[in-house]
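Reviewing the structure listed below.
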């Protein structure tokens, strides 16, 4: 096993910790944008993604302290992190690209390095988190496509069921009501049906 203090794995864990913290913050900002745009349910969904990212950050932090001890000094890292803004549609697209990069490229590469350096549990962690990032990508791609195509609250075929996240009432039809007939919340309170098998 490569000494942790001299390992590439230590730097990769620190880079990943920083990236996940920033991802969590960007999702919080995006959730605020979704709320301002009237997409209350989408905002809550995005906040869940933010929570996921912070859970990943915690796991990376714990691996650093596991191998580096309780008092790890500064770890110098050199990495690029995105600082982009735009409309909700833009943000969904940009974050889906970030998730793709993490899930398909960065974390699998970091896992291979951890394996080579003898940190099998770290490699496993990177691969597990890569899988979650791929699922985040699917969610964001769907939200982006449906928001851009104005089909977020419409059925592609026939009628669908739409449930208000505020009061629980269920409505059927070709699209969600503009306003819930029970609690009078706007359409943005209706649940969005996330279909995890939509990726091509």
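Can you tell me the orientation of helix 120-148 relative to the chain, as the angle in degrees between its alpha-carbon axis and the longest Cα principal axis, to the nearest 10?
30
Give the relative contact order (percent, whole number) for the chain; include only Cα pairs under 8 Å separated by 6+ residues. The partial results should precede the final answer.
Numbers: 247 pairs, mean separation 41.3, N = 200.
Value for the chain: 21 percent.
Please give the length that would be gained between residue 83 and residue 116 if that part of the chain were fully extended, namely 0.36 nm times their separation in residues minus their C-alpha to C-alpha distance (nm, one decimal).
Values: separation 33, 0.36 × 33 = 11.88 nm, distance 3.23 nm.
Residue separation times 0.36 nm, minus the Cα-Cα distance, leaves 8.6 nm.
Would you calculate a helix-derived [θ] at 222 nm for the chain, using -39,500 (n - 2.57) for each DSSP H run of n ≥ 4 and dividing by the full residue count, to the nearest 500?
-19500 deg cm²/dmol
Would you look at the GNM of the chain, springs on alpha carbons closer than 10 Å, and say which of 178, 89, 122 moves the most?
Maximum among the listed residues: 178.
May I ask for the angle, rounded to the nearest 10°, between helix 8-36 and the longest principal axis of the chain, with both axes built from Cα atoms and the value confined to 0 to 90°?
Approximately 20 degrees, to the nearest ten.
Within 10 Å, count the other beta carbons around each residue, average over each peptide in 16-23, 79-86, and list them highest first.
Details: 16-23: 21.2, 79-86: 10.6.
The most tightly packed comes first, giving 16-23, 79-86.
Counting other C-beta atoms within 10 Å, which of 110, 29 has the fewest, and how do the rest follow?
29, 110
State, to one decimal in nm, how far the label point of residue 161 lies from the label point of residue 75, with both points 7 Å from Cα in the Cβ direction.
Result: 4.6 nm between the two label points.
Hey, in the GNM for the chain with a 10 angstrom Cα cutoff, which one of 150, 163, 93 fluctuates hardest?
150
Taken together, the values in this text are just the output of simple stated rules run on the coordinates, not laboratory data. On a predicted model such as this, the values are computed, not experimentally measured, just so you know. Note: ideal-geometry Cβ built from the backbone for every residue, glycine included; neighbour counts use all protein chains shown.
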